[in-house]
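See below for the structure under consideration.
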Amino acid sequence: MSRSIVAGSRVEPSGELGGVPVPGPDEDAFTLSVAAIDRLPWPVAGFPVRQVQPFGPFPPALAGDLGEALGRPGIDVRPARPLPELGAGLISLLDDPTEEGGVALVLPTSVPQGAPVPPRISEAIALGFARGPGVRLRGSSLPAGGADGARIDDLVQELRGHSSARRAASDPRPAPAGRDVEVDGGMAWSETRTPVGGRFQWESPAAYSQGSSADPWLVSEGAYLPWPTYLAHRSGRWRLAAAECGACGARFFPWRGSCPNCGRSDRLERRELSRSGLEVEATTVVHPGAQPSEFDLQAGSSGSYEVVVARADPHIRVTLQLTGASPGSVRIGDRVDAVLRRLFPLEGAWRYGLKAIPAAPMAGTTA
Amino acid sequence: MRRRAAVVGAGHTRFGALNESPRELLRAAVDQAYGSVDKGLTPLDIGEGFLGTLGFSGWQLGNASAVLAEEARITGAPVTRVENACASAGFALRSGILAIESGARDLILVAGVEKMTDAPSRRRRYWLGVSGDTEWERMAGLTFAGVYGLMASAHMREHGTPVEALAEVAVKNHANALKNPNAHLRKAISREEVLASPLVADPLRLFDCCPVSDGAAALLLAGEDVAHRFTDTPVLIAGAGAGSDALALQDRRSMTRLAATRRAADEAFQRAGVERSDVDFLEVHDCFTIAELLALEDLGFAAPGGAAALELSGATRLGGERPVNPDGGLKAKGHPIGATGASQAYEAFVQLRGSAGDRQVRGAETALAHNVGGSGASATVTLFSVG
């Protein structure tokens with residue numbers, strides 16, 4: 001039985017350095033990949049996507065929560081692996097006649113063979129694999145031909161080659177040389193998170209090693225957001241998931257255990273708010289010295305930043321830091337889009353959350 | 001008729017970057033309060049103590065009230081730490097008032113202390129945001145300068161509030177602080193200097209922000225029926241009110257009005273049975289200049305959007321129709337977080353006894369003190385009158 005690539009999506013990093021695209025200071029494989037996967041049609045060509053294999057320097061703990069980031073809490077997410085292992089996993093999935101769903105693979109474009117590995121992740125691609133005849137690329141933002149398409153085709157062909165070879169040989173193939181992927185300057189995520197008595201014990205990585213991120217000061221000083229508390233609201237933090245009370249109709253954000261209007265807790269439903277076109281109601285530009293210490297690295301490297309309060313719903317406002325635009329460029333009355341970005345490292349883990357970017361012009365309007 | 005509380009003694013350390021430890025500051029303020037009691041007082045007569053402190057930088061986060069008991073030499077009496085961020089001492093005062101009004105106690109010690117300048121700057125920045133909404137606002141990169149910057153931007157948009165009105169608050173309060181020997185910033189500034197100072201959280205500039213200060217203040221409260229044992233000139237607490245609001249700005253009904261302040265004011269005026277026109281001067285919570293404008297509007301001394309004109313008219317200066325923050329306010333006197341609410345009551349005490357020196361508000365008989373926690377999650381309003 002043959003399988004096809006039926007959809008793909010690519011997200012470009014917002015920054016550029018000397019003509020080379022680089023992620024912004026608050027972007028990384030996680031945020032770019034989530035954005036890429038977000039653009040995929042779900043289910044892919046009629047097939048439910050049941051598994052996501054994120055690829056790239058993901059914090060394993062967050063890879064485990066990627067389903068939340070995608071707004072699909074039930075999906076099976078396998079943690080990031082080096083490419084040979086990932087390839088083997090993919091091959092086994094392709095080979096498995098009992099596997100009924102598809103798989104989405106997220107990877108940096110630097111992965112395909114022959115391409116030089118850039119010092120930073122330049123982009124992320126999400127691919128949806130599902131059963132179906134032929135090999136076909138579809139998607140609004142990923143060209144079916146051209147260099148990008150060819151590279152993806154190469155990858156797929158290679159994976160199939162692995163598959164055939166493995167069928168021919170009884171031993172597992174050794175990993176092809178030179179295919180370990182080094183991304184993000186070689187930064188490796190090595191946190192582990194193990195359940196202890198129903199809670200999670202967090203071990204900081206031995207080498208939280210890249211550049212100034214390794215600042216030992218970035219530890220809690222008595223008042224901060226512990227990792228489990230942070231993750232408790234991840235669907236709100238990452239997707240602007242609010243709650244709606246089926247009893248009284250009230251909408252509120254973030255999720256609370258009972259309705260702040262009528263007090264009932266038995267008819268709360270998740271309502272994802274639109275992350276596009278939020279109207280700004282208040283703004284400020286925070287200058288270096290006025291930032292919380294978690295943002296010291298950012299303030300030290302990029303200086304001032306703008307923070308806005310924007311309306312996401314007639315009854316819900318959110319507070320977002322502006323990114324991808326110069327501080328002060330967004331005014332009250334302007335519209336912004338909410339995008340997933342990384343915020344700051346703390347105790348060896350990045351905190352992710354929504355930030356604001358100037359809203360994309362609406363289709364059909366002219367500048 | 002309800003039993004009222006009266007202030008029979010008060011003490012106040014200098015505010016600023018001080019060498020003293022939190023214990024030393026507390027002891028100095030309490031000893032001064034003891035010394036201010038005209039007919040003397042035995043600490044062992046104090047029935048209960050309340051301490052306002054945030055515990056800035058992590059100093060004695062738990063059980064700090066025991067430190068008050070030790071330094072005040074009242075160990076054995078029940079003591080409680082009250083924490084409502086910048087309104088900690090305002091709420092400690094409220095606890096003392098309620099204990100006396102209820103008849104449970106005859107004599108109460110209320111104190112507030114904060115030691116903020118001895119922490120490294122990074123730790124200080126960490127702590128300056130701990131009373132804001134940690135889960136959402138802070139994750140967007142905000143401390144209170146940023147939160148009040150947001151409020152200022154919304155107020156300007158809604159009412160056309162000019163930056164000159166913000167600057168006027170700073171100029172006035174610095175001028176008042178020059179006459180207050182306890183004040184942190186004793187330096188006259190001009191409107192031009194304010195408007196040329198560096199931006200901190202647009203539209204707020206450096207001179208729109210209160211300083212980071214150390215200091216302590218202490219109050220002795222007695223039931224009005226027993227106050228004469230301590231002094232012939234007690235200052236009555238005519239009425240006290242308090243209120244609360246959502247922690248995060250994004251969750252409030254309005255970003256330009258403080259519902260907690262309005263509720264607290266309504267309760268205080270109702271309980272005191274006085275009118276706003278009776279108030280001779282105000283001590284309001286001006287952690288940032290915009291906060292003084294918000295306070296005047298929410299307390300009912302200006303219509304929404306009307307505080308800017310009131311400030312620019314000069315009516316709020318010393319010698320004006322109704323002075324606001326004659327001691328220099330948080331803006332210039334300084335803002336040791338947990339001490340501020342007690343410091344405001346200290347000012348009411350000395351003013352209403354006519355002993356405020358150069359900054360005396362002539363003929364003052366009724367005063368209002370307004371203390372806000374954070375960006376408005378909590379607030380107290382207390383009305384004082386001559387006994």
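The values are calculated or read from the model by the stated rules, or taken from the named source; none is laboratory data. As the structure is a prediction and not an experimental result, all values here were calculated from the model. Cβ atoms come from the backbone with ideal geometry, glycine included; neighbour counts cover every protein chain shown. Protein only, heavy atoms only, side chains kept; ligands, DNA and RNA dropped before computing areas. Shrake-Rupley method; radii C 1.70, N 1.55, O 1.52, S 1.80 Å.
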### Message
What value in Å³ per residue do you get for the convex hull of the alpha-carbon atoms in the range A:250-298?
### Response
164 Å³
### Summary
Note: probe point = Cα of A:Arg256 + 7 Å toward Cβ; backbone nitrogen < 20 Å; residues of the range B:234-267 passing the test are B:243-264
### Query
Whole number please: convex hull volume per residue of the Cα set in the range B:141-214, in Å³?
88 Å³
### Query
Magnitude of the Cβ-charge dipole of the range B:68-212, K/R +1 and D/E -1, about the Cα centre, nearest 20 debye?
400 debye
### Summary
Between chains A and B, total accessible area buried, probe 1.4 Å, no ligands or nucleic acids, nearest 100 Å², roughly 3500 Å²
### Query
Among all helices in chain B defined by DSSP H, which have a length of 27 Å or more along the axis from Cα atoms plus a Kyte-Doolittle mean of at least 1.0?
none
### Query
Which whole-angstrom value gives the distance between the alpha carbon centres of the range A:242-319 and the range B:311-347?
34 Å
## Note on the structure
In nm, the gap between the two label points placed 7 Å beyond Cα toward Cβ at B:Arg191 and B:Arg122 is 4.2 nm
## Note on the structure
Over the range B:93-154, with neighbouring protein chains present, the accessible area per residue in Å² at probe 1.4 Å is 25 Å²
### Task
Quick one: Debye curve from the alpha-carbon atoms of the range B:260-372 only, equal weights, vacuum; give me log10 I(q)/I(0) at q = 0.17, 0.19 Å⁻¹ to two decimals.
-0.78, -1.00
### Task
Would you kindly compute the Cα radius of gyration of the range B:182-254 and its largest Cα-Cα separation (Dmax), both in Å?
20.3, 54
### Descending semi-axes in Å of the range B:4-120, equivalent ellipsoid built from Cα gyration tensor
23, 16, 13
#### Entry: Viscosity 0.890 mPa s, temperature 25 °C, Stokes-Einstein D of chain B from Kirkwood C-alpha radius, µm²/s
122 µm²/s
### Message
Give me the residues in the range B:134-172 whose solvent-accessible area, probe 1.4 Å, is reduced by at least 30 Å² once all protein chains are included instead of the chain isolated.
### Response
B:Thr134, B:Glu135, B:Trp136, B:Arg138, B:Met139, B:Ala140, B:Gly141, B:Leu142, B:Thr143, B:Leu150, B:Ser153, B:Arg157
## Note on the structure
Here the Kirkwood hydrodynamic radius of the range A:276-367, Cα-based and in Å, equals 13.9 Å
### Message
A drop of at least 10 square angstrom in accessible area, chain alone versus all protein chains together, probe 1.4 Å. Which residues of the range A:311-350 meet that?
### Response
A:Arg317, A:Thr319, A:Gln321, A:Ile332, A:Leu343, A:Phe344
## Note on the structure
Whole-percent carbon and sulfur contribution to the accessible surface of the range A:276-367 (1.4 Å, no ligands, DNA or RNA) stands at 53 percent
### Summary
With the full set of protein chains present, the residues of the range B:194-209 whose 1.4 Å probe accessible area falls by 30 Å² or more relative to the chain alone are B:Leu199, B:Val200, B:Asp202
### Query
Considering only Cα-Cα distances, which of the following residue pairs are longer than 29 Å: B:Lys39/B:Lys187; B:Lys115/B:Lys187; B:Lys115/B:Lys331?
B:Lys39/B:Lys187
